[in-house]
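Visitor: Submitted below is the structure of interest, expressed as structure tokens.
The values are calculated or read from the model by the stated rules, or taken from the named source; none is laboratory data. Everything quoted here is computed from the prediction, not taken from an experiment. In this analysis, Cβ positions are derived from the backbone assuming ideal geometry, glycine residues included, and neighbour counts consider all displayed protein chains. The protein model used for the area step is the full one, side chains on, heavy atoms only, and it has no ligands, DNA or RNA in it. Shrake-Rupley method; radii C 1.70, N 1.55, O 1.52, S 1.80 Å.
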Amino acid sequence: MRWRRARARLAAVAAAATMMIAGAVVPAATAASVPGWLSTKGSTIVTASGSPYVIKATAWFGMETSNCAPHGLWSISLDEGLDAIAAMGFNTIRLPFSNECLAAKSSNSINAAVNPGLISLSPLKLMDTVIARAKAHGLSVILDRHRPDSGAQSELWYTSQYSEKRWIDDWKMLAARYKNEPAVIGADLHNEPHGPACWNCGDASRDWRAAATRAGNAVLSVNPKLLIIVEGVENQGDGTATWWGGGLKDVRSAPVTLSVKNRVVYSPHDYPATVHQQPWFSAPNYPDNLEGIWDANWGYLVRQNIAPVLLGEFGTKLETESDRAWLKTLVAYLAKTKMSYAYWSFNPNSGDTGGLVTDDWRTWQTAKLAALRPILTPSPASTPKPTSTSKPTVTPKPTSTPKPTATPKPTATPKPTTTPKPTSSPRPPASASPRPAGITASWIPQSAWGEGYVAEIEVTATGPVSRWQVSFEAPGTTSVSNAWGMSCRLSGTTVTCQSADWASTLAPGQTVRVGLQAVATKAPSSPKLSVAAS
């Protein structure tokens, strides 16, 4: 696949021309064409001319969280992030959002010194800007309805607060808003149906296939040129379970059929053992067994020329031999089948996968990019590949910008019901003599700015733990706006955080990294942590 962001020097304009994109100046030399509207033919995604096209995406998350903005804009400019993504060899951004953020009046945690034109924008206008700037960098955009509200991933496409009607109405609004913008190529209808969600079970309250059909037809009634991206379910009709959104076995007998032909792309998610210890990771023939599992759950759709597949999420910190084997096998599978994909994530602050850049949001994760190289094709004209300590020479780097991580996204099965994905170390065997519950904790500052801070806390269990608590003094803190892996409250100047969801139950020796974002006039630099566990 040709690198979509090839820096073609158009003779007539290359000398000095620039483009104004949503209030920002983007050099015309960096502008590149996007493929435009896409459709499907058998198991292949094709351009308007009929040429095969592979979507090579990475997710830049944050617009689905309480920030209502892509994370990292406290450290880098929007254009700097997009330039890095394009330089890595991707041609598309998967942009998660929540319905709550679509209706919000403002976003937060954007550094005005680095992104001065974004501070005053509503989340919806910020989405306009992200799309416009992505297009200027030769990147297409897939809109991903990641969750209804900004607090947690939902099992189904609706909740008591956000109805199916609201879900469909918002999708129709977005389809109309970008009807004349061919950089917006697809609608990922709902992220990771799981739990009670079923495929073609006939129960209207939980039949994801039927709901996806209703929503897909509604979107196409407004813009018939969009790809409709349909994820799978966790629990399949034959009784087998896989990742949230990962099961598509039942498409064989019950496909999604829409009013406009050649628009459906199926999108499973897949993760390694460090995200969750699925049974196939401990099989004696691992990792040779993986291809058969993928074929059975979703790969057959491409193998048998039934429909295209976009592997909508996969990612790893690449810290264990098992994970390295998983990624190597998966990349070879994607290359062999020529499937589209969306790597999770560009962000470094996805707790158990990390990202494609380190916590400074600039230094490339070269080991991961090397592992992805068989399915990425960066231009020879791109900036030199940075080493693990170097930074890509793209947009000038502000020196006054804080360099944090922020709220991560939920994981695959079993996923937390809060914002992030958990960071977890493989659990060691239990000791012969049970130890009392206990933890140690360390403070890891991530960023601070005039109105708040982001920090993480690394918690390690010294014995079996079912609940834990960390508290610290934080003068100047006025509220805790977000937390992952724990719930936090402020009383006077004391912040007390209780374990929650995926970070609650810990085995001896297990480490998790949790975090919080606070509104404050100053950030604690190295507070003394008081801990308790049971």
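Visitor: Which ones in region 346-361 are hydroxyl-bearing (Ser, Thr, Tyr) and open to solvent by less than 10 Å² (accessible area, probe 1.4 Å)?
Guide: SER350, THR353 - these are the residues of region 346-361 that are hydroxyl-bearing (Ser, Thr, Tyr) and open to solvent by less than 10 Å² (accessible area, probe 1.4 Å).
Visitor: Select from region 301-322 the residues that are among the charged types (D, E, K, R), outside any loop (DSSP other than H, G, I, E, B) and in contact (Cβ under 8 Å) with a residue 12 or more places away in the chain and list them in ascending order.
Guide: The answer is ARG303, GLU313.
Visitor: Looking at region 188-199, can you tell me whether even one residue there is open to solvent by 30 Å² or more (accessible area, probe 1.4 Å) and small (Gly, Ala, Ser)?
Guide: There is no residue in region 188-199 that is open to solvent by 30 Å² or more (accessible area, probe 1.4 Å) and small (Gly, Ala, Ser).
Visitor: List pairs: first in region 84-113 and more than 20 Å from SER160 (Cβ to Cβ), second charged (D, E, K, R) and at pLDDT below 95, Cβ under 6 Å, 6+ apart or cross-chain?
Guide: Qualifying pairs under 6 Å: ALA86/ARG5; ASN91/ARG4.
Visitor: Does at least one position in region 158-181 carry a residue that is among the acidic types (Asp, Glu), under 17 Å from the mean Cα position of the chain (by Cα) and in a loop (DSSP other than H, G, I, E, B)?
Guide: No, that holds for no residue.
Visitor: Among the residues in region 441-455, are any aliphatic (A, V, I, L, M), modelled with pLDDT of 80 or more and more than 29 Å from TRP74 (Cβ to Cβ)?
Guide: So far as region 441-455 goes, no, none of its residues is aliphatic (A, V, I, L, M), modelled with pLDDT of 80 or more and more than 29 Å from TRP74 (Cβ to Cβ).
Visitor: Please name all residue pairs, on different chains or six or more residues apart, with Cβ atoms under 7 Å, provided the first residue is in region 240-259 and is touching a residue at least 40 places away in the same chain (Cβ under 8 Å) and the second residue is assigned to a loop (DSSP other than H, G, I, E, B) and among the β-branched types (Val, Ile, Thr).
Guide: Cβ pairs passing all conditions: TRP243/THR413; TRP244/THR413.
Visitor: Take ASN91 and decide whether it is at pLDDT below 95 and surrounded by 24 or more Cβ atoms within 10 Å (Cβ to Cβ).
Guide: Considered against the rule, which asks whether it is at pLDDT below 95 and surrounded by 24 or more Cβ atoms within 10 Å (Cβ to Cβ), ASN91 comes out as no.
Visitor: Output the qualifying pairs, or none if there are none: Cβ atoms under 6 angstrom, residues six or more apart or on different chains, first residue in region 515-534 and open to solvent by less than 30 Å² (accessible area, probe 1.4 Å), second residue assigned to a strand (DSSP E or B) and among the β-branched types (Val, Ile, Thr).
Guide: Every condition considered, the pairs that remain are LEU516/VAL480; GLN517/VAL454; ALA518/THR477; ALA518/VAL480; ALA520/THR477.
Visitor: Looking at SER49, SER43, SER33, can you tell me which residue is at pLDDT 95 or above, open to solvent by 30 Å² or more (accessible area, probe 1.4 Å) and over 16 Å from ILE142 (Cβ atoms)?
Guide: Going through SER49, SER43, SER33 in turn, the sole match is SER49.
Visitor: Give the residue that is farthest from MET63 (Cα to Cα), with candidates limited to residues of region 105-118 that are small (Gly, Ala, Ser) and open to solvent by 30 Å² or more (accessible area, probe 1.4 Å).
Guide: Step by step, filter region 105-118, then rank; the result is ALA113.
Visitor: Right, here's the next one. Provide a single number: the residues in region 232-255 that are open to solvent by 10 Å² or more (accessible area, probe 1.4 Å), over 12 Å from GLY195 (Cα atoms) and of a type outside the set (Gly, Ala, Ser).
Guide: Counting residues in region 232-255 that are open to solvent by 10 Å² or more (accessible area, probe 1.4 Å), over 12 Å from GLY195 (Cα atoms) and of a type outside the set (Gly, Ala, Ser) gives 6.
Visitor: Out of everything in region 121-143 that is open to solvent by less than 20 Å² (accessible area, probe 1.4 Å) and in a loop (DSSP other than H, G, I, E, B), what residue ends up being nearest to ASP188 (Cα to Cα)?
Guide: The qualifying residue nearest to ASP188 (Cα to Cα) is LEU139.
Visitor: Moving on to the next point. For VAL394, work out the one condition from (1) within 30 Å of HIS194 (Cα to Cα); (2) of a type in the set (A, V, I, L, M); (3) modelled with pLDDT under 70 it doesn't fulfil.
Guide: The failed condition is (1).
Visitor: Report every pair of residues separated by at least 6 positions or lying on different chains whose Cβ atoms are under 7 Å apart, first residue within region 274-299 and in contact (Cβ under 8 Å) with a residue 12 or more places away in the chain and open to solvent by less than 40 Å² (accessible area, probe 1.4 Å), second polar (S, T, N, Q) and in a helix (DSSP H, G or I).
Guide: PHE281/SER322; PRO287/THR329; LEU290/THR329; GLY299/THR337
Visitor: Suppose we filter LEU118, LEU82 for residues that are more than 30 Å from GLU234 (Cα to Cα) and in a helix (DSSP H, G or I); which single one remains?
Guide: LEU82
Visitor: Something else about it: If only one of ARG147, ARG177 is surrounded by fewer than 21 Cβ atoms within 10 Å (Cβ to Cβ) and either in contact (Cβ under 8 Å) with a residue 40 or more places away in the chain or out of contact with any Lys or Arg (no Cβ under 6 Å at 6 or more places or on another chain) (or both), which one is it?
Guide: Answer to the check: ARG177.
Visitor: Determine whether region 451-461 contains at least one residue that is in contact (Cβ under 8 Å) with a residue 60 or more places away in the chain and open to solvent by 20 Å² or more (accessible area, probe 1.4 Å).
Guide: Yes: one or more hits.
Visitor: Let me ask you something else. Would you point out which residue out of ARG513, ARG435 is part of a strand (DSSP E or B), modelled with pLDDT under 90 and among the basic types (Lys, Arg)?
Guide: Going through ARG513, ARG435 in turn, the sole match is ARG513.
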